[in-house]
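**Q** For reference, the structure I am asking about is given below.
The values are calculated or read from the model by the stated rules, or taken from the named source; none is laboratory data. Only a predicted model underlies this, so the values are computations on that prediction, with no experimental measurement involved. Here the Cβ positions follow ideal geometry from the backbone for every residue, glycine too, while neighbour counts run over all protein chains shown. In case anyone asks, the SASA skips ligands and DNA or RNA and just uses the protein heavy atoms, side chains included. Shrake-Rupley method; radii C 1.70, N 1.55, O 1.52, S 1.80 Å.
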Amino acid sequence: MTDALDAGSLHLSPAVGYTALLLVALSTVLIGIYGLRISRTTGDFYVASRTVRPWWNASAIGGEYLSAASFLGVAGLILISGVDALWFPIGYTAGYLMLLLFVAAPLRRSGAYTIPDFAQARLDSLMVRRVTSMLVVVVGWLYIVPQLHGAALTVQITTGLPSWVGPLAVVVVVCLSVVTGGMRSITFVQAFQYWLKLTALAVPAAFILFRLGADGASVTAGGSAFTTDLNTTAHASLYGTISLVIALLFGTLGLPHVLVRFYTNPDGASARRTTVLVLGLLSVFYLFPTVYGILGRIHTPELAAGGAADATVLLLPGRIFDGATGDLLSALVTAGAFAAFLSTTSGLVVSLAGVISQEFFQGSVTGFRRAALLSTIVPLVIALLTDTLALAGSVGSVFAFTASTICPLLLLGIWWRGLTDAGAIAGMLVGAVLCGGAIAATALLGPEADDRWVWISQPALWTVPAAFLTMVLVSRATAGRRPATASRVLARLHTPEPR
């Protein structure tokens, strides 16, 4: 990983960074150790024995879902792109409405521990399970990498240490938390970290707005209309906007670390209540990255030109306040940023460990712990060998990939009796090849992809329909392969549970 930032003015006081990072890491490990006291069974490690109540589960989902892209990347995109970037928080939040309507309760009723478990139970096919497992692992690794890049950025700015220290620190803390307590422990950790992240954004934002109001400062640099400052220099194309929204809406349905959370609810009604609460928590949270992005266009516009837009949230408090106040507020947002990397990575590692353990380590607690360690090695290596600061954009690519692979399997598996194992495999592979190829081509083309090849940089508009269509056509062509257990499984998925 290269140090992309200029080592000069972008660094905060090292004492601020060290203090914030150590406090967050210590609290995470201590909560994880507490989880060890009550995590003994396989059910505790995989799904917290299905005893997590809606409020705790909603807070935990908010903790793991609000990643580096949400905490740092949304403000950075607004700094660069203005109103066009607002589709990211809208899509992230609206995706949960899709979960509420189509997936949450039926998935909980499936009785499975992991997405591959669901795939095998629904289609009675070991091959479908293996393909799904492979895709879940790939999605998890792709999603962990931006978290580690965000950690590199935060540690570099706040402490001046080499960028590789951030990813390594996140991996060490996450492994300690996951290995000690599994899902039950991580539930406590992530619920705490959601409220830490919200506080870390809300308190400095309130101070900044009060300070600007007290000084008589206009929210738009020269007193021009508020909306003028949000205008973009080059508006996104209609195709790019629609494709992004499709990726975010459908991609949420395929995120393994989010889906596994619905297995931890005691019943389907709790899963639905959890989803409603998550919608509220996400809506409140995304108000604040939007505020930071708007203020960043006024007070830190040079970050966009310098390729450090994702540092807006970290640097803005220090630009508005001097002395101890600026240091304290900077320490708070630094703690929130580090919590974002830890909570999302923890959720991803738990979901990956569940899949890898079931496939290769007989699903035991010891196997879960080994799989958790294995789940962090590949993304850590990738993060150390690559360099990107476009956090929200890179996570958007992961959403497009999940929307093109796991999402069609879930939606058709839950709502269409005619799905076959051959159709599911064909659809997932077509989506993976098309979307994966587009992501690879975007990386090779660089910035030119967004300017001239938007259909490649934003592929969801054609890769998602291709995956769905392939599943349907191949399933119809192989109707004789419909599992004999389909009616029984679907009845279980759609029969309301007793309250």
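**Q** How much length would be gained if the chain were fully extended between ARG319 and LEU176, taking 0.36 nm per residue of separation minus their Cα-Cα distance, in nm to one decimal?
**A** Working: separation 143, 0.36 × 143 = 51.48 nm, distance 3.57 nm.
Gain on extension, ARG319 to LEU176, equals 47.9 nm.
**Q** Which peptide among 112-124, 400-412 comes first, and what is the full order, when sorted by highest mean count of other Cβ atoms within 10 Å?
**A** Ranking, from highest mean packing down: 400-412, 112-124.
**Q** Between LEU473 and HIS494, what is the spin-label point distance in nm, taking each point 7 Å from the Cα along the Cα→C-beta axis?
**A** Simple spin-label model gives 2.6 nm for this pair.
**Q** Can you list, bin by bin at 10 Å, the percent of alpha carbon pairs in the stretch 337-465, starting at 0?
**A** The distribution over the stretch 337-465 is 11, 30, 36, 20, 3, 0, given as percents.
**Q** While we're here: Find the accessible area per residue for the stretch 102-178; the probe is 1.4 Å, ligands and nucleic acids are left out, and the unit is Å².
**A** Dividing the accessible area of the stretch 102-178 by its residue count gives 26 Å².
**Q** So how much accessible area does THR241 have, in Å² to the nearest 10, using a 1.4 Å probe?
**A** About 30 Å², ignoring ligands and nucleic acids.
**Q** Which shape class, rounded, prolate or oblate, goes with the stretch 89-158 when its Cα gyration tensor gives a ≥ b ≥ c as root eigenvalues, a/c under 1.5 marks rounded, and past that a/b bigger than b/c marks prolate?
**A** Oblate, since a/c reaches 1.5 and b/c is not below a/b.
**Q** Report ³J(HN,Hα) in whole Hz for each residue of the stretch 461-469, in order, from the Karplus equation J = 6.51 cos²θ - 1.76 cosθ + 1.60 where θ = phi - 60°; Gly and Pro get x.
**A** 4, 10, 6, 5, x, 4, 5, 4, 4
**Q** Let me ask another. Please report, as a whole percent, how much of the solvent-accessible surface of the stretch 358-409 comes from carbon and sulfur atoms (probe radius 1.4 Å).
**A** Ligands and nucleic acids excluded, carbon and sulfur give 67 percent.
**Q** Arranged from highest to lowest average of other beta-carbon atoms within 10 Å per residue, in what order do the peptides 54-63, 415-424 appear?
**A** 54-63, 415-424
**Q** With label points built 7 Å along Cα→Cβ from the Cα atoms of ALA269 and VAL83, find their separation and express it in nm.
**A** Computed distance between label sites ALA269 and VAL83 equals 4.4 nm.
**Q** Here's something else I'd like to know. Determine the per residue accessible area of the stretch 267-414 with all protein chains present and a 1.4 angstrom probe, expressed in square angstrom.
**A** On the way: 4260 Å² over 148 residues.
So the stretch 267-414 comes to 29 Å² accessible per residue, rounded to a whole number.
**Q** For VAL284 and LEU101 in the same chain, what is the full-extension length gain: residue separation times 0.36 nm, less their Cα-Cα distance, in nm?
**A** My answer for the length gained is 63.8 nm.
**Q** So, one more: Taking H placed 1.01 Å from N in the peptide plane, check which residues at least 5 places from GLN458 or on another chain put their amide H under 5 Å from its amide H.
**A** HN-HN under 5 Å from GLN458: empty list.
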